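J.: This is the structure I want to talk about, given as structure tokens.
The numbers here are math on the coordinates, done by the rules we state, and not lab data. Because the structure is predicted, anything quoted here is derived from the model rather than measured. Methodologically, a virtual Cβ is constructed for each residue, glycine included, from the backbone with ideal geometry; neighbour enumeration extends over all protein chains shown.
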Amino acid sequence: MGEEGEDPQRLKKIAAAAYDYDNDPRWADYWSNILIPPQMASNSDVVDHYKRKFYQRFIDPSLVVEAISSSSSSQGSRRSAPSSASSTTTSEHVGSRSSGTTAQTSGSSTTNPSSMGIDRQTLLFSINAWVLVVAVLAIFPLIPKNLSSRAYQLTFMGTTLSSLISVYSLYGKPRAWNMQALQAYFQSVIVTEDFMNFIFGLTFLTAPAYFRSALIPVLCHTIVHLAKFLRRNFTRSTLYRRYLEEPCVSVESNISTLGILSSQAEIALGFLILVSLFSRQRNVLLLFMYWQQLKLMYHAPATGGYHRSVWAKIGQTILPLVHCYAPFLNGLLSAAQRWWFR
């Protein structure tokens, strides 16, 4: 009974952690109005706490946010007192040797996770750089058809691989391989942007027809990832400052624009697949899978804001025309809306 009661809150906390706060302008205003000491503002636990409070206020009021506990700091002070007392009773030689060994072990323990993180990020950067190159080859109109088709497949292969690596590095693997554990795992992962990119890449990698417009969301996501990586790791490079700093700054300042462009391309692609049912390239399974993915993108916190804004504009344009010139479609639209919001 206790685990069943905690599962919804655990999933809500995972969704709150996966929410894209950087692309939500309300988060910047919310964080700027919080008055806390600078040493607390640099603490990741404190930032995560206020992110959960922001998520509770603006996204999901049912999320339970616990207060920040000071037990860790008190435990740290209690641990330091006995160690300092014991160090004064030992000899100077032993104390210096023990302090050297502890410093060495602590240094090694702190550098290993960071080096692993850098290796993972570097791997993702390399794959995304490769995806950018082959995506440009696939979308450029003057490239020979055979090379363009091969680049198209390699683009979605790289997108699928990088998204899968990102999902695994952030969420690991399921705790067990039974149905209950797999269901809990996928419920926590399915709302993340990386998992949706994985499904997107896998869908068009295995699709029998080529849709060049599907490369636009891939390019948007790849450019944003590359710009963020370069800004974090190459700010001291002369080559970066001379040639890449302005494009990277421009990309980071227009992340919302790229998100809207990606959402528009994804929604337009859904209608293109729908229209393709009247051609020789019809694929009912692809239509069903992709519109299920569009529905997920609409409701997921990471992409829902962009998709809802695009769908709102489409509704403001299309619905009056349907009511005026094609009222017989009202029943079909009502059924589609019931399925969409279910």
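J.: What lysines could a cross-link reach from Lys53, if we take a straight Cα to Cα line under 17 Å and drop same-chain neighbours fewer than 8 places away?
T.: Lys12, Lys13
J.: Moving on. Just rank Cys324, Cys220, fewest to most, by other beta-carbon atoms within 10 angstrom.
T.: With the sparsest Cβ surroundings first, the list reads Cys324, Cys220.
J.: Given axes a ≥ b ≥ c from the Cα gyration tensor, I'd like to know whether segment 173-233 is rounded (a/c under 1.5), prolate (a/b larger than b/c) or oblate.
T.: Here segment 173-233 falls in the oblate category.
J.: To continue, here is another question. Write out the trypsin sites (Lys or Arg not before Pro) in segment 163-267 meeting two conditions: DSSP loop, and at most 14 other Cβ atoms within 10 Å of their Cβ.
T.: Arg175, Arg236
J.: Rounded to a whole number of µm²/s, how large is the Stokes-Einstein D of segment 117-317 at 25 °C and 0.890 mPa s, given Rh as the Kirkwood radius over C-alpha pairs?
T.: Here the translational diffusion coefficient equals 135 µm²/s.
J.: Here's a follow-up. What full-extension length gain, to one decimal in nm, is calculated for Ala28 and Ser279 as 0.36 nm per residue of separation minus the Cα-Cα distance?
T.: 85.6 nm
J.: Continuing with this model, one more query. If you find the alpha carbon centre of segment 237-287 and of segment 303-320, how far apart are they in angstrom?
T.: About 17 Å separates the Cα centre of segment 237-287 from the one of segment 303-320.
J.: Where nothing but the Cβ of Lys and Arg (+1) and of Asp and Glu (-1) is charged, how large is the charge dipole of segment 197-300 around its Cα centre, in debye to the nearest 20?
T.: I would put it at about 200 debye.
J.: While we're on this one: Treating the beta-carbon of each Lys and Arg as +1 and of each Asp and Glu as -1, no other charges, what is the dipole magnitude of segment 117-317 about its Cα centre, to the nearest 20 debye?
T.: 160
J.: While we're here: Among Asp60, Asp45, Asp24, which comes first, then next, by fewest other beta-carbon atoms within 10 Å?
T.: Ascending number of Cβ neighbours within 10 Å: Asp45, Asp60, Asp24.
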